[in-house]
Amino acid sequence: MDNDIIPKQPTYYEEVERKGYSRRDFVKFVSLMTAFIGLEQSAIGQVAKALQTKPRMPVIWLHFQECTCCSESFIRSSHPIVADILLDKISLDYSETLMAASGTQAEAALNNTMTKYKGQYILCVEGSVPMGADGVYCMIGGKTSFQILNEVAEGAAAIIAWGSCASNGCVQSAKPNPTKATPIHKLITNKPIIKVPGCPPIGEVMAGVIVHYLTFGKIPELDRLGRPKAFYNKRVHDTCYRRPFYDAGLFVESFDDENAKNGYCLYKMGCKGPTTYNACAVTKWNGGTSFPIQAGHPCIGCSEENFWDNGRLYDRASAFAGFGIEADADTLGKVALGVTLGAVAVHAVATNFGKGKTIHNHIEEGNESEHELES
């Protein structure tokens with residue numbers, strides 16, 4: 001298709017202005033996203049330039065076997081530009097959950113985007129694909145999820161698997177997996193795929209992945225499971241504010257005991273933080289307000305593959321790399337209490353707040369960068 005018949009898309013900054021956001025709002029947003037995707041403060045200008053000059057990319061967001069918590073998390077990001085510009089005005093041409101159109105109008109929007117922007121749109125997939133019984137467990141407009149996925153993926157520039165359902169199958173694929181629920185990367189093998197697992201993922205993490213692709217025109221660096229390293233390179237255990245209590249051998253024994261009230265480590269309550277890689281303890285949800293462990297519930301390891309089949313949620317792990325066997329949880333404090341709470345507590349707290357402080361500094365420095373960006 002000739003480029004001259006493709007409608008000209010506005011830039012992201014043009015949409016920011018059109019929606020009534022100030023220059024300061026834009027700079028703060030850029031600063032925040034730059035920190036989240038793991039870039040130095042000096043890269044703020046590069047991200048800002050990309051969003052000021054590049055036309056918005058069309059996005060097709062498909063929903064299959066899922067509960068829509070990923071969409072809910074995204075649109076409840078602490079920064080309004082995330083939902084208002086990146087999602088709504090990125091050009092969300094098709095989403096069963098969020099679009100106003102329905103029926104034939106919705107399908108027309110999908111087909112128009114696939115045709116006009118072939119090879120130029122981002123495909124976001126939320127939910128697993130049922131392959132059992134010829135795909136009848138999840139059908140839209142008379143087509144199975146698998147048929148729809150194949151059709152839309154063919155013209156996508158990249159695919160983002162939102163949440164654990166799309167990334168690893170989540171609860172639908174747990175044994176005995178009656179619908180044969182299957183994650184996206186096992187069905188589409190000829191496109192770059194970014195997995196953003198979590199149940200749900202953090203809204204700012206989802207926004208950061210999109211901003212990275214928009215800025216650099218390529219997917220971010222991924223770990224061995226296909227997750228962005230900027231968000232999945234550390235264990236929840238390593239950045240948890242309760243880590244010093246683990247090292248001191250101070251554990252919650254039941255959810256209603258005095259140790260729980262004192263905020264001790266939840267490892268004995270089944271916390272999977274030592275084997276789970278995610279940014280929960282640093283980025284948190286709802287504008288950095290809290291995350292499950294801070295709310296008093298152990299991590300269930302939702303960003304790891306097969307987490308529903310990796311043992312009972314409230315049983316502690318028998319062992320995990322780098323920390324010895326289960327018995328250590330009962331004896332560690334007797335040896336380490338005197339030494340650990342001094343050195344390790346400082347290290348753990350510093351690790352936990354390091355990136356959080358970086359994000360805060362990026363925001364503050366973003367204000368100072370406003371004049372520089374304008375010039």
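None of the figures in this text is laboratory data; all of them are computed from the coordinates on show. Please read all numbers here as calculations on a predicted model, not as lab measurements. Quick reminder, even Gly has a Cβ in these numbers, built from the backbone with ideal geometry, and neighbours come from all protein chains shown.
Annotation: of all residues in segment 178-215 being of a type in the set (S, T, N, Q) and buried (at least 18 other Cβ atoms within 10 Å of the Cβ), the one that is farthest from Ser128 (Cα to Cα) is Thr215.
Tell me the residue from Lys234, Lys175, Lys180, Lys195 that is free of Cβ contacts under 8 Å to residues at least 40 places away in the same chain and basic (Lys, Arg), please.
Working: Lys234 fails: free of Cβ contacts under 8 Å to residues at least 40 places away in the same chain; Lys175 fails: free of Cβ contacts under 8 Å to residues at least 40 places away in the same chain; Lys180 fails: free of Cβ contacts under 8 Å to residues at least 40 places away in the same chain.
Going through Lys234, Lys175, Lys180, Lys195 in turn, just one is free of Cβ contacts under 8 Å to residues at least 40 places away in the same chain and basic (Lys, Arg): Lys195.
State yes or no: is Ala279 in contact with a Ser or Thr (Cβ under 9 Å, 6 or more places away or on another chain) and within 22 Å of Tyr314 (Cβ to Cβ)? For Ala279, the condition - in contact with a Ser or Thr (Cβ under 9 Å, 6 or more places away or on another chain) and within 22 Å of Tyr314 (Cβ to Cβ) - is not met.
If you go through segment 265-297 and keep only what is under 17 Å from the mean Cα position of the chain (by Cα) and of a type in the set (D, E, K, R), you end up with just Lys284. Scanning segment 47-61 turns up no residue that is farther than 27 Å from Val125 by Cβ, without any contact (Cβ under 8 Å) to a residue 24 or more places away in the chain and buried (at least 16 other Cβ atoms within 10 Å of the Cβ). Residues in segment 216-243 that are assigned to a helix (DSSP H, G or I) and surrounded by 22 or more Cβ atoms within 10 Å (Cβ to Cβ): Phe231, Tyr232, Val236, His237, Thr239, Arg243.
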